[in-house]
Each structure stands twice: as structure tokens, then as C-alpha cells.
Amino acid sequence: MAFKIIASQCTQCGACVFECPSGAIKFEGEIYVIDPDKCTECKEAFDTQQCASVCPVPKTCVPD
Ligand code: SF4
Ligand code: SF4
């Protein structure tokens, strides 16, 4: 399992990039995307998903 970013809601603030412990979030083309092969859902590192925690837009970083 991995998280994904709902591109239509993303304000492209970039905050999630710096919080991801897996380096899974990148700016590709014109949107921020989560690499499902790198996303660990923050398991073992944090109790909550850091991208979802830091994102200012509710329900924009969600389970894929
Ligand atoms: S859930 Fe965690 S590992 Fe996955 S993209 Fe978000 S911050 Fe990165
Ligand atoms: S924190 Fe949320 S709004 Fe900001 S770039 Fe990431 S997904 Fe988009």
C-alpha cells in the first residue's frame, strides 16, 4: 500500500516533500506525485503519515 496525492486539490506548496521519510514525493512535470514503490506509509518511522499530517489541504494525501 502507498499514499497518493490528489493532484486537483494540491496547492503545490511543497511541504510534504520535506516531511517524507522515504523520499517518495517528487515534483514531476507540473504536479507533485508519490512514488508507490518508495512510499512506506511512514510505517516504522512515524505513527501517522507525514505527508497527510503536514498537508494544508484536507484529504489531499490519501491511501491509494
Ligand atoms: S505516507 Fe509517508 S512515506 Fe508515504 S509519501 Fe507520505 S510521507 Fe512519504
Ligand atoms: S503538502 Fe499537500 S498541498 Fe502541499 S504539495 Fe504536498 S500534497 Fe500538495
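Rule-based calculations on the coordinates, nothing more; no lab input. Please read all numbers here as calculations on a predicted model, not as lab measurements. Glycine gets a Cβ as well: all are built from the backbone with ideal geometry, and neighbour counts include every protein chain shown.
Scanning segment 4-35 for residues that are of a type in the set (D, E, K, R) and on the phi > 0 side of the Ramachandran plot yields a total of 0. Figure legend. Inter-residue proximity from segment 42-64: first residues of a type in the set (Phe, Trp, Tyr), second residues within 10 Å of ligand 2 (Cβ to nearest atom), beta-carbon distance below 7 Å, spacing 6+ or different chains. No pairs are indicated.
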